[in-house]
1. Okay, helix-only estimate at 222 nm for the chain: each DSSP H run of n ≥ 4 adds -39500 (n - 2.57), divide by all residues, round to 500 deg cm²/dmol; what do you get?
2. Report for region 51-202 the percent antiparallel among DSSP-assigned beta bridges with both residues inside it, nearest 5.
3. With no solvent and one point on each alpha carbon, what is the Debye value of log10 I(q)/I(0) for region 37-332 at q = 0.13, 0.16 Å⁻¹?
4. Let me check I've understood the local charge: for Ala220, count other residues with C-beta under 13 angstrom from its C-beta, Lys and Arg +1, Asp and Glu -1. What total comes out?
5. Can you give me the Cα centroid spacing of region 185-199 and region 206-246 in angstrom?
6. Alpha carbons only, please: Rg and Dmax for region 88-221, in angstrom.
7. What does the charge add up to near Ser138, with Lys and Arg as +1, Asp and Glu as -1, over the other residues with Cβ less than 9 Å from its Cβ?
8. Give me the distance in nm between label points sitting 7 Å out from Cα along the Cα-to-Cβ direction at Thr224 and Thr28, one decimal.
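Please treat every number below as a calculation from the coordinates, not as lab data. Since the model is a prediction, treat every value here as computed from it, not as a measurement. Because the Cβ atoms are built from the backbone with ideal geometry, glycine has one as well, and the counts that use them run over all protein chains shown.
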Amino acid sequence: MLTEREAPARGQQTDLTVRPRRTRRTETLRRMVRETRLSVDNLIYPLFIVEGINEATEISSMPGQYRWPVAKIAAEAESIAKLGIPAVLLFGIPDFKDEMGREAYNPNGIVQAAVREIKRAVPELVVITDVCLCEYTSHGHCGVLSPDGYVQNDPTLELLARMSLSHAEAGADIIAPSDMMDGRVRSIRTALDGGGFENTPIMAYSAKFASGFYGPFREAADSTPSFGDRRSYQMDPPNIREALREVELDVQEGADMIMVKPALPYLDVIAKVRERYDLPLAAYNVSGEYAMLKAAARMGWLDEERVIRESLIAIKRAGADMIITYHSKEAAGWLD
Ligand code: PBG
């Protein structure tokens, strides 16, 4: 389309054959020339598995999303697979939390049990597991604390490696570390290789920003830090060069796929990472992004389907191959 600026000035010679024919823009033609496509194959659906409940319970700040008991997860996984959604991302919320997040690497822990259940019921559904200690520690931080309350990087690495190995042993297809400790991809890679899981890929949450958009997730996952915040290990929103450095480190350490999180407020970061790296790129359309659209739609302020489509295609257009989104199930119904 010619914009105002590109239109030739009066008196200048005009080649009328290059004028756009707006009236012929039918839906069929629009589809033919569409530059970006979103398919259900691009979607990953997050699931919260909770210990100590018997029924699925809705998360109040995320209407339409539930916390699931292991006993009900097989049926849910079947319905997800029936919609054509290729993958799920699992978060575990244990009953028992301690300083060291011990339940995270318990072979019979909540995520390990859920992975076994899902792989038994729907073997073809790709199971990705989130690896982070924050849902498992009594203080809600993503790692082991020193006596003065700081997260200790290196002692945490060992626990993340154990956690990852136990997920792989349970049958996880992809390991997704979300903690942002330095060196975690290498230490997880070493542990997986040592355990005979050389072929299990790592999807690294490479550029993870300290974001207010995680609010509803922390309610869902019971993982709000009991003091302080995550700014010492998650990234500062204004920094894109730092984001690229974080991605570079993960790539060098052996990440098989990389991720930017959140998605919508960081489309420029997605685009830059896409430009620089050839690895498969995921973007996490996080809980707060979901909650905003749901709330406005409930109020009748936005056309829900339209804004969800527009948001997801924007993330794809920015350069993401895969979108982790709570909208997966509803979007699957409208997409190819
Ligand atoms: C950390 C983790 C978080 C999310 C995914 N993994 C929360 C955080 O870092 O505080 C947020 C996802 C969302 O908001 O949907 N385990």
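1. Details: 11 runs with 119 residues, N = 336.
Result for the chain, helices only: -10500 deg cm²/dmol.
2. On the way: 3 of 13 bridges.
Antiparallel: roughly 25 percent of the beta bridges in region 51-202.
3. Debye intensities relative to I(0), on a log10 scale: -0.86, -1.40.
4. Working: positive: Arg67, Arg218; negative: Glu58, Asp130, Glu135, Glu219, Asp222.
Taking every Cβ under 13 Å from that of Ala220, the sum is -3.
5. One Cα centre to the other: 26 Å.
6. 14.1, 46
7. Values: positive: Lys97; negative: Asp98, Glu99.
With Lys, Arg at +1 and Asp, Glu at -1, the net is -1.
8. 5.6 nm
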